[in-house]
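Notes for the one structure printed next.
The values are calculated or read from the model by the stated rules, or taken from the named source; none is laboratory data. As the structure is a computational prediction, the values presented were derived from the model and not from experiment. Because the Cβ atoms are built from the backbone with ideal geometry, glycine has one as well, and the counts that use them run over all protein chains shown.
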């Protein structure tokens, strides 16, 4: 059996913290250690911030965050219904050419065990992140 929590989040930066707190609480209750909880919090924050900054537009826009709790992992999906981008054009940052911004996806992939990104220009983006409980 899977427990799922779904949040419909206003597309404003001040709600990213609320999502982080909710997801970190779930992860802590699911048995993740503090380091894994912090990794999850940062990854979720980056995914939400990407959507707020690059995806949705307008004060009445919202996005969805869902968290599936399984016995051995948490699967977090952050989904918007606007924007979108060509995932084929994404390039991993190079160590010698780091710049401010543009590191969100790189950070998410570094912190989570599995990351899947589905995006269609004009339709939206889904970032699905999985973290396994160690031990």
Within region 110-126, considering residues that are modelled with pLDDT under 95 and surrounded by 16 or more Cβ atoms within 10 Å (Cβ to Cβ), the one farthest from residue 54 (Cα to Cα): 117
Go through region 23-59 and report how many residues are more than 12 Å from residue 131 (Cα to Cα) and outside any helix (DSSP H, G or I). 4
Look at region 77-109 and say how many of its residues are assigned to a helix (DSSP H, G or I), at pLDDT 70 or above and either within 11 Å of the chain's Cα centre (by Cα) or over 30 Å from residue 3 (Cα atoms) (or both). 5
Region 124-135 residues that are on the phi > 0 side of the Ramachandran plot and in contact (Cβ under 8 Å) with a residue 24 or more places away in the chain, paired with ones that are in a strand (DSSP E or B) and surrounded by fewer than 21 Cβ atoms within 10 Å (Cβ to Cβ) (beta carbon under 7 Å, 6 or more apart): 124/79
